[in-house]
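For reference, the structure discussed in these notes is given below.
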Amino acid sequence: MRFRIALIGLIPFALTACSSGESSTTSTTTSVSGKPTAIDGASQGGIKRWYAFQHVSQGAKVFQENCASCHGKQAAGGPNWRQMGTDGKYPPPPLNGTGHAWHHPLNMLYQVVSNGSPGGQGNMPAWKDKLSQDEIVATIAWFQSRWPEEIYRAWAKRELASRKNSKG
């Protein structure tokens, strides 16, 4: 079964469960096209995550085939990723929770993978013409699955705050 996950209004129910400490495994979300879709959420370390096992499984394959050459097989990023290169751009950052990806809301992560590095800050190519929306979402699920509980919890709080700010 193909799955679609919204990045606009993506995980309000799943993140509400995260912040309340619930550990159920079902959440509701909407697809990129805006149509409601039910997904099973994954629980890792007592925190309810927005993705399911099938997202992580598919994302691992997509990441290894398309992203690992720059971000590393374990998503550890390029060496000296915080230092601008001689080309004036930053090397690929780690996506495993040790870099800054967790500072960004899900819709921004999706946009960067889809459209490439913003403002010429890096060499990240746009993947929207090579990867499907499902594959992009699955790739994000895979690297977020590598984030330790405390990093994911901090990200989830930021994600909820970004959603509240965008509504009002």
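The values are calculated or read from the model by the stated rules, or taken from the named source; none is laboratory data. The model shown is predicted, which means the values in this text are computed figures rather than measured ones. Glycine gets a Cβ as well: all are built from the backbone with ideal geometry, and neighbour counts include every protein chain shown.
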Quiz item: Could you list, in sequence order, the residues of the range 46-72 that are part of a helix (DSSP H, G or I) and out of contact with any helix residue (DSSP H, G or I) (no Cβ under 7 Å at 6 or more places or on another chain)?
Solution: F53, Q54, S57, K61, Q64, E65, N66, A68, S69, C70, H71
Quiz item: Are any residues in the range 101-127 surrounded by 16 or more Cβ atoms within 10 Å (Cβ to Cβ) and not in a helix (DSSP H, G or I), and if so, which ones?
Solution: H104, P105, G116, G122, M124, W127
Quiz item: Listed residues A161, A154; which is in a helix (DSSP H, G or I), under 14 Å from the mean Cα position of the chain (by Cα), free of Cβ contacts under 8 Å to residues at least 60 places away in the same chain and over 16 Å from A52 (Cα atoms)?
Solution: A154
Practice problem: Looking at (1) on the phi > 0 side of the Ramachandran plot; (2) in a strand (DSSP E or B); (3) not aromatic (F, W, Y), find the lone condition where A75 falls short. | Solution: (2)
Practice problem: For T98, indicate whether it is of a type in the set (S, T, N, Q), surrounded by 15 or more Cβ atoms within 10 Å (Cβ to Cβ) and not in a helix (DSSP H, G or I). | Solution: yes
Practice problem: Would you confirm whether any residue within the range 122-140 is among the β-branched types (V, I, T), over 22 Å from A161 (Cα atoms) and modelled with pLDDT under 95? | Solution: no
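Being in contact (Cβ under 8 Å) with a residue 24 or more places away in the chain and either on the phi > 0 side of the Ramachandran plot or in contact with a His (Cβ under 7 Å, 6 or more places away or on another chain) (or both) is true for just one of A138, A101. Which residue is that? Walk me through it before giving the result.
Working: A101 fails: either on the phi > 0 side of the Ramachandran plot or in contact with a His (Cβ under 7 Å, 6 or more places away or on another chain) (or both).
Going through A138, A101 in turn, just one is in contact (Cβ under 8 Å) with a residue 24 or more places away in the chain and either on the phi > 0 side of the Ramachandran plot or in contact with a His (Cβ under 7 Å, 6 or more places away or on another chain) (or both): A138.
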